[in-house]
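What follows is a single structure, written as structure tokens, with notes after it.
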Amino acid sequence: MKVLLKEDIDNLGYAGEVHQVAPGFGRNYLIPKGLAIKADPGAMKQAEVWRKRAETRRAELRAEYEALSARVEETSLTFTARAGETGKLYGSITTAQIADDLNAALGTEIDRRKVGIEPLRQLGEHKVTVRLSAEFQPKITVLIESEDGPVADAPEAIDVETAAAEESVVDETAALEAE
């Protein structure tokens, strides 16, 4: 089914573009929500108007995200948690906690699903990505301190995504060596 998008849709396209989608997706989601209309000659005449309107809206969003990215980069959040001798937390600092504190600090409404990938479970300084859009992904500094005071073995400045990727490479290498 060919549809003409009325609004920008993540992972599909921009307003004013014609896309081939599954019939169920078009009939049951895009058209009822007002995100698209069935592509026919009459609708194609409106496409240029929607494209121009969407471009101005994207330019406004880009400027807003640019300013917000700068504010996020400057922000640093500090959490205290119980930790063992090695600096590993007994619980974790979740992405929801980070998002709540970030929203309180900046006065914004950033969705918790757009903050980080996984909970933080180690003392120290962490860099957590905030995905505002595909183009703007600033990193916020999160410092986790022990309730009992400083721990000697706590690592410094961990990039959460890089650490997760390194762990998976190590696991794959160990599995290959075991064979």
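The values are calculated or read from the model by the stated rules, or taken from the named source; none is laboratory data. Computed from a prediction, not measured in an experiment: that's the story for all the values here. Here the Cβ is made from the backbone with ideal geometry for all residues, glycine too, and neighbour counts use every protein chain on show.
Brief remarks follow.
- Filtered by the rule that a residue be of a type outside the set (Phe, Trp, Tyr), in a loop (DSSP other than H, G, I, E, B) and closer than 26 Å to Ala67 by Cα, region 124-149 gives Arg131, Leu132, Ser133, Ala134, Glu135, Gln137, Pro138.
- Selected residue (only one of Ala134, Ala104, Ala99 is crowded, with 19+ Cβ neighbours inside 10 Å and among the small types (Gly, Ala, Ser)): Ala99
- Exactly one residue out of Lys33, Lys45, Lys6 is over 30 Å from Leu123 (Cα atoms), charged (D, E, K, R) and surrounded by 13 or more Cβ atoms within 10 Å (Cβ to Cβ), and it is Lys6.
- Selection within region 27-54 - farther than 13 Å from Asp8 by Cβ and touching a His at 6+ places or on another chain (Cβ under 9 Å): Ala39
- Subset of region 55-94 that is without any contact (Cβ under 8 Å) to a residue 24 or more places away in the chain and of a type in the set (Ser, Thr, Tyr) - its residue that is nearest to Gly13 (Cα to Cα): Thr56
- In region 107-123, the residue that is surrounded by the most Cβ atoms within 10 Å (Cβ to Cβ) out of those that are under 18 Å from the mean Cα position of the chain (by Cα) and outside any loop (DSSP other than H, G, I, E, B) is Val115.
- Any hit, region 142-158, residues being polar (S, T, N, Q), closer than 25 Å to Glu74 by Cβ and at pLDDT 55 or above: no
- When residues of region 95-133 are limited to those that are among the polar types (S, T, N, Q) and without any contact (Cβ under 8 Å) to a residue 60 or more places away in the chain, the one farthest from Ile144 (Cα to Cα): Thr108
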